[in-house]
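Chemist: Pasting in a structure now, in structure tokens, and then I'll have a few things to ask.
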Amino acid sequence: MRPDRQLLAMAAYGFVSGLPLPLSGFTFRLWLAKSGTDLAIIGLTAWIGLAYSLKFLWAPLLDQMPPIRALRRLGRRRGWLLVVQPLLGLAGVLLALSDPAAAPAAAFAAAACVALLSATQDIAIDAWRIEVFPERRQGLALAVYVWGYRVAMLVSTTGVIAAAASVGWHRALLGVAALIACGVLVTLAARREDASAPASGRGLRHAVIDPVRTFLARPSAWLVLAFVALFKLGEAMAGIMTAPFYRHLTFDLGAIAGTGPFSLTGTLVGITVGGWLVARIGVGRALLLTGTAQTVAMAMYVLLSLTPGHVAVLYATVTAEAFAQGLADAAFLTFLSALCAREFAATQYALLSSVPQLAIHTIGAVSGIMAASLGWTMFYTVCMAGALPGMALMLVLLRRQKIGP
């Protein structure tokens, strides 16, 4: 019964992790727009999201600094969560009580606090998952986490927008803040992580340098980093340009909005099946199968480019791509988790998960230029080819070393 209880805790952690993201992103921007905020100021909200990309900068603190004395008996990860989660709930309340029309700076400050504390909560939850679940169960843990996360995203976007129409923005956002605060209950009910994972403040070298040095001492460490950077690159480049691609194919806003349920269903089913595959056949073979599926699924974009205006093909493309992405995410994130030493779980996982984002936001930035010069059909063909270097590196890694059980 205990493993099932921990999976329920993981789903609940996914829910409380997914709630804050739109409060500093889409939902916050919509609230600003409804309040008549200038577009230039709304654009600055992109900077708030940097907290999620740069969380590796303070992740070493959660690895090496113990929580306050009263919470140490709960474990390092749960102790830190019980420090962060009440503050996150309070930040959500401050955001809900702010007035972006009268005092936009205060609203921005509250949203920035939500993002910073939410990113810190993510660090601690990722480390807790790595320490509590054995490697074969990491895929299942990630699957139920994403289920909770996606439901929470619906609550913080569609739910808040619908509630705001009837009770106003302040009350709608206060409701989300109350749900965020329930993270404390999840942490109190969750299992304590392995007490053998050391937690001691041994200085800057141990906090920052040792996690990197330990990782680079692994066999084929640089090859692993190259694979981590490239595995999702082709799929990410394809996804970056979907909005203008759909408009170019003459799909109206109603048709594009209708892709939401198909994308959600595909992702949830895909990551569930991917988690099952990891538990069934191991991380290495799951990576191979799901990476192949991710690459093949991009052929649907090529088909869609040749059938403009066909809504059925659009929905089939979105479903196939989301399913394949969910499959690959389950195996890929399990692989990242397996690379982390438990002593440095927070720091190493934060660093490793930022590597694909770095590649996406640098190489992926030229996707618009490529689409304009190549045309949509050739662009998505190139995106398929862009997945091949990552697949090739995976085959090399599978030959050189054992990946997963």
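The values are calculated or read from the model by the stated rules, or taken from the named source; none is laboratory data. Keep in mind that what you see is a predicted model, and the values were worked out from it rather than measured. Here the Cβ positions follow ideal geometry from the backbone for every residue, glycine too, while neighbour counts run over all protein chains shown.
Chemist: Test of understanding: among 283, 302, 278, 273, which residue is under 26 Å from residue 148 (Cα atoms), modelled with pLDDT of 90 or more and crowded, with 16+ Cβ neighbours inside 10 Å?
Modeler: Details: 283 fails: modelled with pLDDT of 90 or more; 302 fails: under 26 Å from residue 148 (Cα atoms); 278 fails: modelled with pLDDT of 90 or more.
Within the list 283, 302, 278, 273, the selection yields 273.
Chemist: Shifting gears a bit: For the stretch 106-122, which positions are free of Cβ contacts under 8 Å to residues at least 40 places away in the same chain and either aliphatic (A, V, I, L, M) or surrounded by 24 or more Cβ atoms within 10 Å (Cβ to Cβ) (or both)? Break it down into steps so the answer makes sense when it comes.
Modeler: Initially, the stretch 106-122 is screened for residues free of Cβ contacts under 8 Å to residues at least 40 places away in the same chain, giving 106, 109-110, 113.
106, 109, 110, listed by residue number.
Chemist: Of 143, 124, which residue is closer than 27 Å to residue 57 by Cβ and modelled with pLDDT of 80 or more?
Modeler: Numbers: 143 fails: closer than 27 Å to residue 57 by Cβ.
Only one candidate qualifies: 124.
Chemist: Of all residues in the stretch 155-187, how many are in a helix (DSSP H, G or I) and within 19 Å of residue 88 (Cα to Cα)?
Modeler: Number satisfying all stated conditions: 22.
Chemist: Filter the stretch 171-197 down to residues that are modelled with pLDDT under 85 and buried (at least 18 other Cβ atoms within 10 Å of the Cβ) and give me whichever is nearest to the chain's Cα centre (by Cα). Break it down stepwise before answering.
Modeler: Step one: list which residues in the stretch 171-197 are modelled with pLDDT under 85, which gives 191-197.
Now restrict to residues that are buried (at least 18 other Cβ atoms within 10 Å of the Cβ): 193, 197.
On the way: 193: 22, 197: 25 Å.
Ranking the qualifying residues of the stretch 171-197, first place goes to 193.
Chemist: Further, regarding this structure: Is it fair to say residue 66 is in the same structural domain as residue 153 (by TED's automatic domain parsing) and farther than 28 Å from residue 173 by Cβ?
Modeler: Values: in the same structural domain as residue 153 (by TED's automatic domain parsing): yes; farther than 28 Å from residue 173 by Cβ: yes.
So residue 66 passes the test.
Chemist: Mind telling me which of the residues 87, 71, 95 ends up being crowded, with 18+ Cβ neighbours inside 10 Å, in contact with a helix residue (DSSP H, G or I) (Cβ under 7 Å, 6 or more places away or on another chain) and not basic (Lys, Arg)? Please lay out each step first, then the result.
Modeler: Values: 87 fails: crowded, with 18+ Cβ neighbours inside 10 Å; 71 fails: crowded, with 18+ Cβ neighbours inside 10 Å.
Of 87, 71, 95, the one residue that is crowded, with 18+ Cβ neighbours inside 10 Å, in contact with a helix residue (DSSP H, G or I) (Cβ under 7 Å, 6 or more places away or on another chain) and not basic (Lys, Arg) is 95.
Chemist: Take residue 369 and decide whether it is touching a helix residue (DSSP H, G or I) at 6+ places or on another chain (Cβ under 7 Å) and either part of a loop (DSSP other than H, G, I, E, B) or at pLDDT below 85 (or both). So that I can check it myself, show each step before the final result.
Modeler: Values: touching a helix residue (DSSP H, G or I) at 6+ places or on another chain (Cβ under 7 Å): no; either part of a loop (DSSP other than H, G, I, E, B) or at pLDDT below 85 (or both): yes.
No.
Chemist: Six or more apart or on different chains, Cβ under 7 Å: which pairs go from a residue in the stretch 33-50 that's buried (at least 16 other Cβ atoms within 10 Å of the Cβ) to one that's modelled with pLDDT under 75 and among the aliphatic types (A, V, I, L, M)? Could you list them?
Modeler: Here the result reads none, with nothing in the stretch 33-50 linked to a residue that is modelled with pLDDT under 75 and among the aliphatic types (A, V, I, L, M).
Chemist: Out of everything in the stretch 224-257 that is assigned to a helix (DSSP H, G or I) and among the hydroxyl-bearing types (Ser, Thr, Tyr), what residue ends up being surrounded by the most Cβ atoms within 10 Å (Cβ to Cβ)?
Modeler: Taking the stretch 224-257 first, the residues assigned to a helix (DSSP H, G or I) are 224-230, 233-240, 242-248, 253-257.
Then drop every residue that is not among the hydroxyl-bearing types (Ser, Thr, Tyr), which leaves 242, 246.
Numbers: 242: 16, 246: 20.
Looking at residues that are assigned to a helix (DSSP H, G or I) and among the hydroxyl-bearing types (Ser, Thr, Tyr), I get 246.
Chemist: Would you point out which residue out of 47, 58 is under 30 Å from residue 342 (Cα atoms) and of a type in the set (Phe, Trp, Tyr)? Walk me through how you get there before you give the answer.
Modeler: Numbers: 47 fails: under 30 Å from residue 342 (Cα atoms).
Unique residue meeting the criteria: 58.
Chemist: OK, next. So which residues in the stretch 387-405 are assigned to a helix (DSSP H, G or I), modelled with pLDDT under 85 and within 25 Å of the chain's Cα centre (by Cα)?
Modeler: At the first step, the residues of the stretch 387-405 found to be assigned to a helix (DSSP H, G or I) are 388-400.
Keeping just the survivors that are modelled with pLDDT under 85 gives 397-400.
Of everything in the stretch 387-405, just one residue is assigned to a helix (DSSP H, G or I), modelled with pLDDT under 85 and within 25 Å of the chain's Cα centre (by Cα), namely 397.
Chemist: Being in contact with a Leu (Cβ under 9 Å, 6 or more places away or on another chain), within 21 Å of residue 65 (Cα to Cα), in contact (Cβ under 8 Å) with a residue 40 or more places away in the chain and not assigned by TED's automatic domain parsing to the domain that holds residue 347 narrows it down to one residue among 130, 125, 161, 180; which is it? Before you say what the answer is, go through the steps one by one.
Modeler: Values: 130 fails: in contact with a Leu (Cβ under 9 Å, 6 or more places away or on another chain); 161 fails: within 21 Å of residue 65 (Cα to Cα); 180 fails: within 21 Å of residue 65 (Cα to Cα).
So the residue among 130, 125, 161, 180 that is in contact with a Leu (Cβ under 9 Å, 6 or more places away or on another chain), within 21 Å of residue 65 (Cα to Cα), in contact (Cβ under 8 Å) with a residue 40 or more places away in the chain and not assigned by TED's automatic domain parsing to the domain that holds residue 347 is 125.
Chemist: Now for a different question. Of the residues 36, 43, 49, only one is assigned by TED's automatic domain parsing to the domain that holds residue 140, among the small types (Gly, Ala, Ser), modelled with pLDDT under 85 and more than 23 Å from the chain's Cα centre (by Cα); which?
Modeler: Numbers: 43 fails: more than 23 Å from the chain's Cα centre (by Cα); 49 fails: more than 23 Å from the chain's Cα centre (by Cα).
The match here is 36.
Chemist: Which residue out of 275, 260 is more than 14 Å from residue 320 (Cα to Cα), small (Gly, Ala, Ser) and not in a loop (DSSP other than H, G, I, E, B)?
Modeler: Residue meeting the stated conditions: 275.
Chemist: Let me ask you something else. Can you pull out every residue in the stretch 330-352 that is at pLDDT below 80 and part of a helix (DSSP H, G or I)?
Modeler: 342, 343, 344, 345, 346
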